[in-house]
1. Scanning the range 473-502 for residues that are assigned to a loop (DSSP other than H, G, I, E, B) and small (Gly, Ala, Ser), which turns out surrounded by the fewest Cβ atoms within 10 Å (Cβ to Cβ)?
2. Please determine, by comparing only the residues of the range 415-438 that are among the hydroxyl-bearing types (Ser, Thr, Tyr) and not in a loop (DSSP other than H, G, I, E, B), which one is farthest from residue 404 (Cα to Cα).
3. Does the range 185-197 contain any residue that is part of a helix (DSSP H, G or I), at pLDDT 95 or above, assigned by TED's automatic domain parsing to the domain that holds residue 377 and crowded, with 16+ Cβ neighbours inside 10 Å?
4. For residue 166, only one of the following conditions fails: (1) under 29 Å from residue 80 (Cα atoms); (2) surrounded by fewer than 17 Cβ atoms within 10 Å (Cβ to Cβ). What is its number?
5. Output the residue which, of all residues in the range 136-160 that are at pLDDT 95 or above and among the hydroxyl-bearing types (Ser, Thr, Tyr), is farthest from residue 392 (Cα to Cα).
6. I'd like the full set of residues that are in a helix (DSSP H, G or I) and either under 16 Å from the mean Cα position of the chain (by Cα) or surrounded by fewer than 21 Cβ atoms within 10 Å (Cβ to Cβ) (or both), limited to the range 45-64.
7. Restricting attention to the range 521-561, and to residues there that are of a type in the set (Gly, Ala, Ser) and within 26 Å of the chain's Cα centre (by Cα), which single residue is surrounded by the fewest Cβ atoms within 10 Å (Cβ to Cβ)?
8. Considering 398, 390, 317, which residue is at pLDDT 90 or above, out of contact with any helix residue (DSSP H, G or I) (no Cβ under 6 Å at 6 or more places or on another chain) and either assigned to a helix (DSSP H, G or I) or exposed (fewer than 14 other Cβ atoms within 10 Å of the Cβ) (or both)?
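The values are calculated or read from the model by the stated rules, or taken from the named source; none is laboratory data. Note that the coordinates shown come from a computational prediction; the quantities given were computed from them, not determined experimentally. Please note: Cβ atoms are built from the backbone with ideal geometry, for glycine as well, and neighbour counts cover all protein chains shown.
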Amino acid sequence: MMQRNIDQLAATAFDVLIIGGGVYGAAAAWDATLRGLSVGLVERGDFGGETSANSQKIAHGGLRYLQSLDIARMRESVRERATLLRIAPHLVMPLPCLMPTVRFGLKSRAVMAGALWLNDRISFDRNRALRDPATHIPDSRVISRQECLRLIPTLRREGISGGAVWYDGQILNTERLTLTYILGSVLRGAQAANYVCVTELIRESSRITGVKAVDMLTGRSFNIQARVVLNTAGPWVSQVLESAASGKAVKPKTRTFLKAINLITRPVYNRRVALGVASPVKSANSLGLIFITPWRDRSIIGTAYSPYQGRAQDAHVSEDEIRVFLKEINAAFPQARLIREDVSYVHFGLLPAASDGKANESKLPLRKHYELIDHKRSHGLEGLITVLGVKYTTARDVAERAIACALKKLNRPVAVSPSGSCALPGGDIERIDAFISQEARAGAHGLSPAVIRHLIHSHGTLYRSVLAHLDEDKSLSEPIVGSAEVIRAEIRHAVRYEMAQHLADVILRRTDLGSVGHPGEACLRDCADLMAQELGWNAARVEEELKQTRAELRRHACVPADVQAAVAQVQVKMRKRELPRAKASDS
């Protein structure tokens, strides 16, 4: 499993060193190790802790690109959606999506029927390599007004003529998917470490030969040698490149970023179908749609974009930005009636803009394509490659291309990458539904079906390695305070085998505890006490970890658990009072 070994990083000359442990760097590490390269990976914070954590949890099939007839991007998206369904069936599953149609125009039933027909033709082979029927993407269809309102009874009925239904993939946990790429690379020999900050690229004449780095946990400075350095630092790519410039600009074309915001709220409706509704605010990035995705008994709503030109580490979401976005959502879907207290978590991240626009440009478009820079060609600097990604869905494909470029620099043959077909750790499952049912019935260690299901959706077949901790200590089968599904063994496993260094790593990325909002003080303290036993923290360190985790939760505008509970009780009472009136209007 994953062990943090700074000595090994400092002592090894790698074929490829990857800077950045988001999904692009993680996928590149996986691809490179599958091709037999020696790989090092360092991340300045925790793996997948920044932009890669900001997502509507959807593996897109590219339907949005039909409007611009970008068939190449559609085919790439279809292929990568199928890849994720195949290599990580425990983390990705099909999700129905609905967009109401109107009587006339581009969103009429007739136009949408034609668009969906074309989408299905373009994605004709979407299920060809998927052995498990449960992972198949069904055909799209246009439904009647009656069926549309049956699926989402709270839709505003005026003007609706029916609905367009298509399917995408829902990623149950993007943080664990990113981590699983890294885990897979480590199991194949890679050396990875979080909380290692690259301070400088080592340059010998016109070649990059490694990096200077600092272990953020100990303050130790050290060098890492590599024949190729792959810069996948996301919003920090320019900061990495500046240290090698020596007066010569080697920055990527994109210098302006967009701040992307998704809100996690109480469930807007009680159906497992994603909903696209027309937004009153026309955006260059959303095609005029607000998308509502059901997830963990909540709704994820997005995406709002705004230009951002500050330092990446200073990015945050203001209360005003949340208020403005809520106003837009309620205008698009009045039945939501969302208030600030309904927002339990705010995802945000920085994505590259299409041009270097001014900061006050409200409709600055998102960059359409990733950027892959071979600095030998662009700046005469050998041994350095930069990747600037745009989409979570296609990260593996872009990583494959980046490693192919690295192989050429290493004078290695470039064959078809196995990363598109090789199951990720825990993902080698023939039939996901049958596997979950079988394991739940067995009920290892007396665990409930709900706990078993949760563990499989987090770890796949490797969930048994979590249960192995119960052989040492039966009390680890007990749930964490405030959770019905996350058990204490997961905390120990995260520390011993998944490189969790801080309490926030466990709360926000190794488990589901903080995925929809503040899990409560009792939960934080329970986890901190468990980590203290593993890592030898004293009382002062426990309090510091609690303080840092509260700050991280505030950074994501989390509403405390007690406030969420109080608001939920009030809303239940309100809905009960409104129920008779709603029935009368339905009849």
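1. If we take residues in the range 473-502 being assigned to a loop (DSSP other than H, G, I, E, B) and small (Gly, Ala, Ser), then 484 is surrounded by the fewest Cβ atoms within 10 Å (Cβ to Cβ).
2. So, considering only residues that are among the hydroxyl-bearing types (Ser, Thr, Tyr) and not in a loop (DSSP other than H, G, I, E, B), the one farthest from residue 404 (Cα to Cα) is 437.
3. First pass over the range 185-197, keeping only residues part of a helix (DSSP H, G or I): 185-187.
From what is left, the residues that are at pLDDT 95 or above are 185-187.
With assigned by TED's automatic domain parsing to the domain that holds residue 377 added as a condition, the list becomes 185-187.
Those still in the list that are crowded, with 16+ Cβ neighbours inside 10 Å too: 185-186.
Checking the range 185-197: at least one residue is part of a helix (DSSP H, G or I), at pLDDT 95 or above, assigned by TED's automatic domain parsing to the domain that holds residue 377 and crowded, with 16+ Cβ neighbours inside 10 Å.
4. Of the numbered conditions (1) under 29 Å from residue 80 (Cα atoms); (2) surrounded by fewer than 17 Cβ atoms within 10 Å (Cβ to Cβ), the odd one out for residue 166 is (2).
5. For the range 136-160, the residue satisfying everything is 144.
6. Answer for the range 45-64, where residues must be in a helix (DSSP H, G or I) and either under 16 Å from the mean Cα position of the chain (by Cα) or surrounded by fewer than 21 Cβ atoms within 10 Å (Cβ to Cβ) (or both): 51, 52, 53, 64.
7. If we take residues in the range 521-561 being of a type in the set (Gly, Ala, Ser) and within 26 Å of the chain's Cα centre (by Cα), then 551 is surrounded by the fewest Cβ atoms within 10 Å (Cβ to Cβ).
8. Only one candidate qualifies: 398.
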